[in-house]
Amino acid sequence: MGSVLDVQEQLTKYSPHIFLQMSEVPDKTNLELLRDIGISALIYNVSSLVKEDMVALRESIDQLEPKKQKSNAGAVLPQAGESGSQDGESDDHDEEDWE
């Protein structure tokens, strides 16, 4: 966890793009984490990797869901007078259940 926080601190201080040199191919979960903390690129010494590892990495990247964008909008409360009913139905029948 400390390493993740260090990387995030570097991202905010210096650049929105960080290239990370790695010696081994991350699994899908770690690949998602790297993407989510803002790693822009992975750098490998191709002479030290097996071709199958690179193929598996490429497939994992292709299968990743797009990164969810953080929204600055906070929680929204319903406005006064809004009803939770849909299609013009009245909420009167809900009160009858409690009688």
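With no solvent and one equal point scatterer placed on each C-alpha of the stretch 2-63, evaluate the Debye formula and give log10 I(q)/I(0) for q = 0.12, 0.20 Å⁻¹, two decimals.
Here the Debye-derived log intensity ratios amount to -0.31, -0.81.
Whole-Hz Karplus ³J(HN,Hα) for the stretch 19-30, in order, using 6.51 cos²θ - 1.76 cosθ + 1.60 and θ = phi - 60°, x for Gly and Pro?
After applying 6.51 cos²θ - 1.76 cosθ + 1.60, I find 9, 10, 7, 10, 9, 9, 7, x, 6, 4, 5, 5 Hz.
Which value, in debye to the nearest 20, describes the size of the charge dipole of the stretch 2-63 about its Cα centre when Lys and Arg Cβ atoms bear +1, Asp and Glu Cβ atoms bear -1, and nothing else is charged?
So the dipole magnitude of the stretch 2-63 works out to roughly 200 debye.
Could you pull out every residue, at least 5 positions away or on a different chain, whose amide H is within less than 5 Å of the one on LEU42? Hs are placed 1.01 Å off N in the peptide plane, and Pro or chain starts have none.
Excluding prolines and chain starts, which carry no amide H, the hits are LEU20.
Rank these for me by crowding, VAL25, VAL46, VAL55, going from fewest to most other beta carbons within 10 Å.
VAL46, VAL55, VAL25
How much length would be gained if the chain were fully extended between ALA41 and LYS67, taking 0.36 nm per residue of separation minus their Cα-Cα distance, in nm to one decimal?
Residue separation times 0.36 nm, minus the Cα-Cα distance, leaves 7.9 nm.
Got a sec to turn the phi values of the stretch 33-45 into Karplus ³J(HN,Hα) couplings, 6.51 cos²θ - 1.76 cosθ + 1.60 with θ = phi - 60°, whole Hz, x for Gly and Pro?
4, 4, 5, 5, 8, x, 5, 8, 7, 10, 10, 10, 8
No value in this document is a laboratory result; all are computed from the given coordinates. Keep in mind that this is a model prediction, so the values were computed, not measured. In this analysis, Cβ positions are derived from the backbone assuming ideal geometry, glycine residues included, and neighbour counts consider all displayed protein chains.
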